[in-house]
Structures are given as structure tokens and as C-alpha cells.
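The values are calculated or read from the model by the stated rules, or taken from the named source; none is laboratory data. Since we're looking at a predicted model, the values are computed, not measured. Virtual Cβ from ideal backbone geometry, glycine too; neighbours counted across all protein chains shown.
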């Protein structure tokens with residue numbers, strides 16, 4: 001399934017190996033918009049590693065996280081072998097969760113640290129890292145999910161449209177990326193401390 005997606009014209013797979021802390025956005029581009037931008041900006045600011053799959057505007061193919069099999073992508077396999085901890089940036093939209101940041105994945109100490117940092121940087125948002133409070137399908141706990149394949153484990157970060165600079169909240173506002181920039185600074189600070 002992943003192999004077919006990566007072979008599709010216009011799909012871009014990028015991997016940059018830097019520190020042992022990594023950021024991923026494998027539903028980037030047109031699928032979960034701006035997630036690849038958040039991951040890239042945070043990785044660049046922290047000197048962290050980066051893995052991105054970005055889809056072109058005419059494609060919205062959702063390959064479930066557990067099907068991102070490193071046996072089907074040498075770049076993904078190398079990235080997962082290189083990093084020790086990782087944050088996978090995803091996007092979601094759900095009524096009543098316009099300002100809720102969800103921190104899933106199996107590395108619970110990292111989830112708590114990220115939630116604290118993002119809560120401080122974004123006081124108008126609610127960072128949730130208690131797994132029981134997360135919708136089950138957004139917890140990111142499947143063992144085949146790439147976020148859980150690295151040695152130290154990782155965090156599946158689910159972002160609503162608003163913090164990504166999307167949606168009607170920003171319609172008449174001049175700087176739709178101010179929240180995203182605060183988010184990436186907070187993510188990068190945690191990554192730099194743990195690198």
C-alpha cells in the first residue's frame with residue numbers, strides 16, 4: 001500500500017537525517033494540510049531529523065499509519081533506525097475540538113513534556129495527553145504505527161485546523177500562521193532539549 005502511494009506521480013517523500021530526535025508528517029501535502037510544514041519548521045529549528053510524505057493538490061489518499069511499513073520504503077526504514085524519539089504530526093477535524101491538541105503514542109513522558117510546552121506557548125488551546133481522554137482512533141498506539149517503531153518511542157500529535165492556520169476562524173484575520181509559529185517553536189525547544 002505504501003509502495004503504491006510513493007510510486008504515484010506528484011507524491012514527494014523526503015528524509016533528512018540530523019539529530020537522534022525526529023519529526024514526521026507522512027500524511028502531508030493536500031491530505032492533512034500544513035502538517036508537513038509544522039514538522040519541517042520544528043525539525044529545522046531544532047536541528048532534528050525529518051521524514052515527510054507530501055501529496056499533490058489533486059490527490060488525497062489516506063494510507064493508515066499502521067500501513068506505513070518500512071519494508072516498503074528504504075528512506076522510512078533508514079529514518080526509523082536513525083532516530084531514538086519521534087513526533088509524528090497529524091491533522092484532524094472534529095466538532096467541539098477546534099482548540100484541542102492531542103498527544104498520543106507510546107512515549108508518555110515525551111507526550112507530557114510536549115503537552116506542557118505547547119500549553120504554555122498556546123494558552124488558548126487545550127493540550128490533552130491523558131490517553132483515556134483521547135478518542136480511541138487518535139491515540140496512535142498500534143505497534144506498527146511508525147511513531148512506535150523507534151527505540152525510545154514517540155508521540156502522535158494530532159492538530160486541529162485552527163492551529164495549522166486553516167478554517168473560518170482565520171477568514172478576516174491578517175496573520176493566520178501566528179499560532180502555527182508558536183507551536184513549532186515549542187516543539188523545537190523540546191526536541192533540542194532531548195537531542
Out of the residues in the stretch 1-30 that are assigned to a loop (DSSP other than H, G, I, E, B) and over 26 Å from residue 47 (Cα atoms), which is modelled with the lowest pLDDT? 1
For the stretch 126-135, check the following and say yes or no: at least one residue is touching a helix residue (DSSP H, G or I) at 6+ places or on another chain (Cβ under 7 Å) and under 22 Å from residue 47 (Cβ atoms). no
